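The values are calculated or read from the model by the stated rules, or taken from the named source; none is laboratory data. Quick caveat, the model's predicted, so the values are computed rather than measured. All Cβ positions, glycine included, derive from the backbone under ideal geometry; neighbour counts span all protein chains shown. In case anyone asks, the SASA skips ligands and DNA or RNA and just uses the protein heavy atoms, side chains included. Shrake-Rupley method; radii C 1.70, N 1.55, O 1.52, S 1.80 Å.
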Amino acid sequence: MRRCSSQAWALLLGAVAALGSVACGASTDKGAPPNNNGTGGSAGTAGSGPAPSSVCGTSQIGAPRLRRLSRTELLNTLADVFPEAKAAWNVSFSADPISSYGFDNDSTLLVVGKQTAAELDTAGDAVGAAVSGPALATLLPCSASAPDAACAQQFVDKYGKRLFRRALTAEESARYAALFQQVSSAKDFATGIRFVTRALVQSPHAVYRREVGVASGNEYQLTPSELATELAYDFTGTAPSDDLLAEAEAGQLASPAALEAKARELLMSQPGMSNVERFFDAWLGYGRASSVSKPDVPEFANLRDGMVAEARYFLGEVVVTRNGGLNELLTASFTMPSQSLAAFYGFPAPASDNALVERPAGKGIGILAQGALLATLSGPSASSPTKRGVMVMDRLLCRTRPMVPPGVPPLSAPQPGTFTTRQHYEQIHAKDGACKTCHSLFDPIGFGFEHFDEVGRYRDVDGGLPVDSASYVPSVDGSEHLFDFQNLDELAQGLAAQKAPYECTTGYLSTYVFGAPEACLGEGKRGAFIDRKLGFVDYLASLAAEPHFSQRRLP
C-alpha cells in the first residue's frame, strides 16, 4: 500500500489513525480501465474485482480516502482563495500521473513525493509574497489601520478556513498565531503574514481532501465540511465557496436530494462546465490536436486550435444546452466550427464563428466525426485505423486493450496509388499471425473512419484510390460481428443502439467524479442513462445522491 512520503504529511492522519490502514492516496482497488465485454457483463482483470463499467444494480459504499488535490485543483484553489493577489504570483506544478482511465485525479496515484513537496514549498513562498504585498490591504483591511496580533488572527481564521475547507481548531489557530508572532517580532507584520500563508498553503489539510467522516453505526458519515469540499471539487474542480461551506454547516446539504440539487447547480456554473469539459477531454483526448503536426497539410497549424474549440462548443451544445446523453453525443447531425474551419472542411459557412451548422449528409455525425478527435487519432501524414479503432474499443466499449508485444516494428508508410491506408493495414497485419489476432479486435472498427483523412476532412479517395469504409464491430473475442456498417455514420448509429457504450461511459463518469477505480458506486440512476432517459449532466449530478458520496466503509 502506498504511504505518504514524508512524516510531515503524517500529521493529517491523526483523524484517520483509528481507521487502521488508510494512507495518503491509498486504495486497495487497482483495477484495470473500465472494462466491459460489449454484451453487458464485465471482462474484468484477474484479482481486481468488478471493473467500474460492471453494472451492479445496487450502489455500494467505498473506502475512506485522503485525496491529494490534482495540479488543476491546487492552482484553482489558490486563485479562488486569494483572488485579489493571484496576478502577483507565478506558480506551477508538474503534471500529475495519468491513470489507465486517462484521468489525472486518481487518488491511488496522487501522493506528495519529493518533487511535489518542493513545488509546494515554492508555491507557498510565492503566494505568501503576493498576499503580503500590495494586495494585503484589500485581503485584510485591518492591516492598514491596526497591524497587530488581533488583525493577524483575523487572517488566520478567514484564510485558514478557506484553505482547509473547515474552521481551524483552537490548537491549529494558536499554532499559526504563534508562528506569526515569532516572525513578526523578528521582522514585521507583512513578513509574519507571508510565513503564515506559506505554512497554510503547504499544510496537508490544504493539500489533501479529507473523505473520512465520523463513525455512524457500521459506516462513517462525512462531515458537513467534507460534503461541501466533495461537492466543490467533484463538480467544479476548485475549493468550496464560503457560501457553500455555510450551507453545509447549516445542515442544508444533509439529504441526497439536496446534494443532487446542489451538484446540478454547481455543474451549470462556469467552473462546473469547465470541469465537465475536462472530463470529456480526458476521456476522448481531442485536446491533444493542439499539439500535433501534419506536415502535408500546412494550413492545419493555423486551424488545429479552432478544431479543439469546435469540439468544445459542440460538447457544450449537446451536453449542457440540450441536456443530451450518449445517444445525442454519438448521433448529433450538426457541428460548430469557425467560419475558416467550415471552409476547410467544405461545410456550409456558419452565421458566425462557432455557430451551429448541419453537416452535409453522409459526411459524419456526432463526436466521432469531430476534426480534433480525428486529427489526434491519426499519424502525421496518414489516417490510423488502429488508433481510431482502439479509441472506440477502449473508451466506448470498455474492452481490455491487448498488450503490445515486444519487438513490433513501426508501421511503414502506405504508398499512394498502390494501396489505400486500409489496404496497407490489412496487408501488413495479415502477414503475422500475432498481429492479426490483436488487430482483428480493433482495426475493423477503425476502417469505418477511413473516409476522413489525417486532419479530419472527408475524402472519397485515398492516394488516388477509392476509399472503402464498410466494416464491422467484432465481438469481444473477434469471432463474430456485433454489427456491420458502411461508413462512420452507421458506425456511430450502431454504437448508439448498443447497451455496452452506455455502461462503459457511466463507468468512466463515476470513476472521474469519485477519483477512484471502485466499481458499483454510481448505480442509482445509471439504468436511466443506459436506457437513454437521462443526459450527462443529470447523471453526473445524481452521483452526489449516491450513498458513497456521503458515507464510507472500512477497507
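Summary table below
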read-out: Leading residue at positive end of dipole, the chain (Cβ point charges), from Phe529, Asn76, Leu543; value: Asn76
read-out: Formal net charge of residues neighbouring Glu219 (Cβ-Cβ distance under 14 Å; K, R +1; D, E -1); value: -1
read-out: Distance between modelled label sites at Gln181 and Arg553, nm, 7 Å Cα→Cβ extension; value: 4.8 nm
read-out: Exposure ranking of Thr58, Thr116 by accessible area [1.4 Å probe, largest first]; value: Thr58, Thr116
read-out: Cubic angstrom per residue, convex hull over Cα atoms of the range 118-194; value: 93 Å³
read-out: Charge context of Leu356, other residues only, Cβ under 13 angstrom, K/R +1, D/E -1; value: -2
read-out: Cα principal axis extents for the range 322-461, largest first, Å; value: 51, 37, 22
read-out: Set of lysines near Lys114 by C-alpha distance (under 21 Å), chain-local residues within fewer than 8 positions excluded; value: none
read-out: Of Ser291, Val214, Gln252, farthest towards positive along the dipole that unit charges on Lys, Arg, Asp, Glu beta carbons give the range 203-305; value: Ser291
read-out: 0 to 90° range, to nearest 10: angle between helix 256-267 axis and the chain longest Cα axis; value: 70 degrees
read-out: Principal axis box of the chain, alpha-carbon based, largest edge first, Å; value: 81, 51, 46
read-out: For the range 273-290, Karplus couplings with θ = phi - 60° (6.51, -1.76, 1.60), whole Hz, Gly/Pro x; value: 5, 5, 5, 4, 5, 4, 4, 5, 5, 5, 5, 9, x, 5, x, 5, 4, 5
read-out: For a label point 7 Å along the Cα-to-beta-carbon line of Gln493, residues of the range 344-363 with backbone N under 16 Å; value: 359-363
read-out: Evaluated at q = 0.19, 0.21, 0.28 Å⁻¹: base-10 log I(q)/I(0), Debye formula over Cα of the range 158-218; value: -0.72, -0.83, -1.18
read-out: Kirkwood hydrodynamic radius of the range 474-535, from inverse mean 1/r over distinct Cα pairs, in Å; value: 13.3 Å
read-out: Using θ = phi - 60° and Karplus 6.51 cos²θ - 1.76 cosθ + 1.60, couplings along the range 397-406 (whole Hz; Gly, Pro as x); value: 10, 6, 8, 5, 6, x, 5, 6, x, x
read-out: Stokes-Einstein D in µm²/s, Kirkwood radius over Cα pairs - the range 384-494 at 4 °C with 1.567 mPa s viscosity; value: 90 µm²/s
read-out: Cβ charges +1 (Lys, Arg) and -1 (Asp, Glu), total dipole of the range 59-177, debye; value: 260 debye
read-out: Scattering profile of the range 196-273 at q = 0.16, 0.21 Å⁻¹ [log10 I(q)/I(0), Debye over alpha-carbon scatterers]; value: -0.64, -0.99
read-out: Distance histogram for the range 447-555 (every C-alpha pair counted, 5 angstrom bins, percent rounded to whole numbers); value: 2, 10, 16, 15, 12, 13, 12, 8, 6, 4, 1, 1, 0
read-out: Protein accessible area in the range 442-517, 1.4 Å probe - carbon and sulfur %; value: 45 percent
read-out: Stretchable slack from Ala261 to Arg401, in nm (0.36 nm times residue separation minus alpha-carbon distance); value: 46.7 nm
read-out: The chain - share of DSSP beta bridges that are antiparallel (%, nearest 5); value: 95 percent
read-out: Anchor Lys499: aspartates and glutamates whose Cα lies under 13 Å away (excluding residues fewer than 8 positions away in-chain); value: Asp531
read-out: Cross-link reach list, aspartates and glutamates versus Lys187, counting only Cα pairs under 20 Å and skipping chain neighbours closer than eight places; value: Asp125, Asp148
read-out: Residues whose placed amide H lies under 5 Å from that of Val467, excluding near-sequence neighbours; value: Val461, Asp462
read-out: Label-point gap, in nm, between Asn218 and Asp188 - each point 7 angstrom along Cα→Cβ; value: 6.3 nm
read-out: Mean Cα-pair separation over length for the range 163-245, i.e. relative contact order, pairs under 8 Å, 6 or more apart, %; value: 27 percent
read-out: Net charge of neighbours whose Cβ lies under 12 Å from the Cβ of Val156, counting Lys and Arg as +1 and Asp and Glu as -1; value: +2
read-out: Residues whose placed amide H lies under 5 Å from that of Ser383, excluding near-sequence neighbours; value: Glu454
read-out: Residues whose placed amide H lies under 5 Å from that of Arg209, excluding near-sequence neighbours; value: Arg67, Arg68, Leu69
read-out: Equivalent-ellipsoid semi-axes of the range 247-403, from the Cα gyration tensor, Å, largest first; value: 32, 20, 15
read-out: Karplus-derived HN-Hα couplings along the range 302-319 (A = 6.51, B = -1.76, C = 1.60, θ = phi - 60°), whole Hz, x at Gly and Pro; value: 8, 10, 5, 5, x, 5, 5, 4, 4, 4, 5, 5, 4, 5, x, 5, 6, 7
read-out: Of the GluC sites (Glu not before Pro) in the range 454-537, those whose Cβ has at most 14 other Cβ within 10 Å and which sit in DSSP loop; value: Glu480
read-out: Within the range 64-148, GluC sites (Glu not before Pro) in DSSP loop having at most 15 other beta-carbon neighbours inside 10 Å; value: Glu84
read-out: Mean shadow area of the range 118-253 over all directions, Cα convex hull, nm²; value: 9.5 nm²
